[in-house]
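Reading through the structure tokens given below for one structure.
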Amino acid sequence: MPLTSIGDLASSLALRTRSVEIKTRIATLTDELSSGQTKDVNTRLAGDYSQLTDMDRRLRHLQAFKTVTAEAGAWASGIQTGLANLHDRVGDLSAKLVTFSKPGQEVTRQHMSNQAADDLKLLVSTLNTRSGGRSLFAGQALDTTPLADDKTLLAALRTVVSGQTTPVDIIQAATDWFNDPAGFEAVIYQGSDQSLDPISVSDTQDASLPLRADHPTFRAMLRDTALAALATDPALGFSETVQSDLLHRTGAGLLRSQEDLTLLQADLGHTESRIEAAKTQNAATATATEFARNILLAADPYDTATHLEAAQFQLESLYAATVRSSQLSLVNYLR
């Protein structure tokens, strides 16, 4: 029977090749044992990747929702903070203004007009708030500051009410200007006339954040605060009686605005709760999908440990054979 043999160089190469194969196998099995996931996905799935592909697509979809809900939650929180600031400021000012009903309080009237002017600046600043470089109350014009500054508003309104002699006529003239497309919307409001589109926060839920700085509640709030600031303006020349009555009426108007702001806060709070519910639901779905994916690709720890032990034994045996073959020589053979 013929005997086939290979040379020393070929034998060495064969041993090294086999060593690399076993080491690679050990590394793979060690990784599977530590991660609990099989590395031979094709064999595990029998070549059918449809279920795994669907799970991965679903997880990417849920990751996108995670980003969207985080941004929507931060946006809604910014608006809610702005509404709270408006509510507090309007509430404080209205409580003081409604106390005016009689003339003879010149110093106090002037003080309240000054406070109203300061508050107007803060109200405008709040409605011009940005979050992440984007305007919260400008509708779809995210890069636009929605309102002109308070001085522009006061100057425009001063012209509108000039010549009016009764508080009723003053307030009506201001109201007409705020509702006139050629008035407030053209001179003061610089945002979009389109609110933000509803935001999809899950497969089944949308969240709407439609508030803009030209909302009727905000217009009324700005109107009454601005009129209170102008009540004692020397350029308008209102009598003491008109000043006191105007301050009182604007205070009453701001009380109504405060109530409307409360309703806006409640509506926004409902939207915030929906965003949080969607966030929780999406997170639970993602966890369940990840769990199912792990089960699909799970490596049997007992089977993996058994194969790892066998591979380690093979490598040790290969090392032993390599050592013995390296010690072979004619001298040792003849001994």
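Is it the case that segment 271-284 has a residue that's under 30 Å from Ser50 (Cβ atoms), in contact with a Lys or Arg (Cβ under 9 Å, 6 or more places away or on another chain), open to solvent by less than 40 Å² (accessible area, probe 1.4 Å) and modelled with pLDDT under 95? Looking through segment 271-284, at least one residue is under 30 Å from Ser50 (Cβ atoms), in contact with a Lys or Arg (Cβ under 9 Å, 6 or more places away or on another chain), open to solvent by less than 40 Å² (accessible area, probe 1.4 Å) and modelled with pLDDT under 95.
Counted as qualifying within segment 136-236 are the helices (runs of 4 or more DSSP H) with 3 or more residues that are buried (at least 19 other Cβ atoms within 10 Å of the Cβ) and at pLDDT 95 or above, namely 150-161, 167-179, 216-230. Within segment 213-224, residues that are closer than 19 Å to Ala173 by Cβ and acidic (Asp, Glu) reach partners that are in a helix (DSSP H, G or I) and open to solvent by less than 10 Å² (accessible area, probe 1.4 Å) with beta carbons closer than 7 Å, at six or more positions or on different chains, in the pairs Asp224/Thr250; Asp224/Gly253; Asp224/Leu254; Asp224/Ser257. Going residue by residue through segment 8-28, is there one that turns out to be modelled with pLDDT under 60, surrounded by fewer than 13 Cβ atoms within 10 Å (Cβ to Cβ) and either in contact with a His (Cβ under 7 Å, 6 or more places away or on another chain) or in a helix (DSSP H, G or I) (or both)? Checking segment 8-28: at least one residue is modelled with pLDDT under 60, surrounded by fewer than 13 Cβ atoms within 10 Å (Cβ to Cβ) and either in contact with a His (Cβ under 7 Å, 6 or more places away or on another chain) or in a helix (DSSP H, G or I) (or both).
Within segment 124-150, residues that are at positive phi have Cβ atoms under 7 Å from residues that are charged (D, E, K, R) and buried (at least 16 other Cβ atoms within 10 Å of the Cβ) in these pairs: Gly139/Arg212, counting only partners at least 6 apart in sequence or on another chain. Do we have any residue at all in segment 112-129 that's within 19 Å of the chain's Cα centre (by Cα), over 22 Å from Lys96 (Cβ atoms) and open to solvent by 30 Å² or more (accessible area, probe 1.4 Å)? Checked segment 112-129: at least one residue is within 19 Å of the chain's Cα centre (by Cα), over 22 Å from Lys96 (Cβ atoms) and open to solvent by 30 Å² or more (accessible area, probe 1.4 Å). The set of residues in segment 246-265 being of a type in the set (D, E, K, R) and closer than 26 Å to Gly78 by Cβ consists of Arg256, Glu259, Asp260. Applying the set (1) within 30 Å of Ala231 (Cβ to Cβ); (2) at pLDDT below 95; (3) open to solvent by less than 50 Å² (accessible area, probe 1.4 Å); (4) in a helix (DSSP H, G or I) to Leu62 leaves exactly one unmet item: (1). Scanning segment 49-58 for residues that are modelled with pLDDT of 90 or more and either of a type in the set (Ser, Thr, Tyr) or surrounded by 15 or more Cβ atoms within 10 Å (Cβ to Cβ) (or both) yields a count of 1. Evaluate segment 102-110: report whether one residue or more is among the polar types (S, T, N, Q), in a helix (DSSP H, G or I), modelled with pLDDT of 90 or more and on the phi < 0 side of the Ramachandran plot. Within segment 102-110, one or more residues are among the polar types (S, T, N, Q), in a helix (DSSP H, G or I), modelled with pLDDT of 90 or more and on the phi < 0 side of the Ramachandran plot.
The values are calculated or read from the model by the stated rules, or taken from the named source; none is laboratory data. All values derive from a computational prediction rather than experimental measurement. Note that we place each Cβ from the backbone using ideal geometry, even for glycine, and neighbour counts take in every protein chain shown. Quick note on the areas: whole protein, heavy atoms, side chains included, nothing else; ligands and nucleic acids left out. Shrake-Rupley method; radii C 1.70, N 1.55, O 1.52, S 1.80 Å.
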